[in-house]
Each structure stands twice: as structure tokens, then as C-alpha cells.
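J.: Okay, here's the structure, questions in a sec.
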Amino acid sequence: MSKTRIPLLGVAGLLLLTTACSGGATTTGAPEPVSGSGPGKVLFLGDSVAVGEALPLAAAFKASGAGFQSIAADGGGNVVGPFSEENWGKLPGQITAAHPAVVVYQLTTYDWGSREEQRAAYGKLVTTVTGAGAKLVFVTTPPIKPDEFYQPHMADLNRAPDVAREVASAGKATVLDAGAVWGSTYQQVKDGKADRSADGIHTCPQGAARFTSWLLAELAKLFPGFTPAPAQSWANTGWSADDHFKGC
């Protein structure tokens, strides 16, 4: 597949516009904001979509003076569905070792399973994260253009955000709806530039940057002591040249 890279100055300009114009996300089970309390270290979980998003996130958190670590994984990273049993064998230890204050789990394209299986897995994640002394934030995944691999599992993927909201409604987790970033359907091009990969799944640098700006703004609402750095301080740090961005 061909690969082009977004001029970083253009990404920064878009971020400023997006931050100013986008509406707030829908949250479920959100704790009361703690005045003067930043998020501490953030641990990011997810699949290969999250791997790409973690690149600008790492730059943005560093610029904001906050700790960040990603354990998102290509071909997995999920807590329910295929590969999840293997992931659970190491995930609790990874969370504990990271000493996070906040764990962000972006729902993955592998979160397949019945409502009961999804509820049990998300509940287990809440218990694991809170047991490690951290707060859990679920984030909905970008909408995909399913191929024959994903098509049989779309009912499960479409149900997953609602199940996460059910689990979060007990007040021990938060759900952020990233529809403010991606819309309700896959859109490869936005504002005349590649926003999502041509593979129908992953993000391009522009989309990953817009997601980063949005997520940091949402975390700032939950943790008022956290002030995200301006886009200019992290959008031009070289992450967009990473080979992970394909089909852009």
C-alpha cells in the first residue's frame, strides 16, 4: 500500500481548530473531578489501533509533564475474545508494575464475545485496575470498515460500548465516547487529508493527532489539575514518520 505522511505543521493547525470546535464526549460513571489533582501516570491499553495512537500520545503527555506508558499490542491487547486468555496471563502484572494512576483501555477490534462474556471481562478489568490503586477509563474504538475477517463479529463490536457503560455505571470506571473525534462511521479522508488508513481499521497521523488532542482535553475535565500542552509543543516531534502509519 502507498504511504504518505501528513505535514506536521498542518496537523498542529488542525488540532487547534478541532479542540476549539468539537463537542464534549459522553461519559458514563465519571467520578467527581478532584480539584488540583492531575492524572498522575497514564497507562494505555488496546490493540494495533491504539499502538498508532500511542505515538502522539507519548509526545503529548511528555510535553504536558505527565507520565505515560503504552502496552497496546498489535494483533491483540484485548481483554475479551481471541488472545484474551493469553493477555490476562500477563496483564495484571503489567498494570501493577507500571504503577499507574489512570488506566485507559480503548476497546479493541478483537473484543468479540457474548454480552455476558464482555461484561465479565470488563468487570474483571475494573477489579484489576482498582485493585492496583488506579482509575479505569474506557474509550470507544474508531468505527471500522469491516472486511470478511471482521464482518462476522460486528454485532459484538457494536455492543461492546454499551456493555462497558453497564459496567461503568457502578461508579468505578468512566466511559469516554470518541465519536466526537471519529463520527459514527469510518471516514478515510477528513478536511481533505488522510485521517484513517485505507485498510479501514487504523489511523493516520492526522487522525491520531486529533484523537490525542481530544483525549487529553477529556482527561483534563476528569482531573482539573492536569493542563495539556498546546499542540505545537508535541505535533512536530517526529512521531508521524513512524512506519506504523500505513495506507495514509
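J.: Taking amide H positions as placed in the peptide plane 1.01 Å from N, state which residues far from residue 70 in sequence (5 or more) or on other chains have amide H under 5 Å from it.
T.: 44
J.: Taking all protein chains as present, what is the carbon and sulfur share of the accessible area of segment 111-211, in % to the nearest whole number, probe 1.4 Å?
T.: Reported share for carbon and sulfur atoms: 51 percent.
J.: If the limit is 19 Å between Cα atoms, which of 41/124; 172/221; 90/172; 41/221 go over it?
T.: Over 19 Å apart, Cα to Cα: 41/124; 90/172.
J.: Between residue 243 and residue 94, 0.36 nm times their residue separation minus their Cα-Cα distance comes to what?
T.: 51.1 nm
The values are calculated or read from the model by the stated rules, or taken from the named source; none is laboratory data. This is a predicted model, so every value here is computed, not measured. Side chains are part of the model used for accessible areas, which takes the heavy atoms of the whole protein and leaves out ligands, DNA and RNA. Shrake-Rupley method; radii C 1.70, N 1.55, O 1.52, S 1.80 Å.
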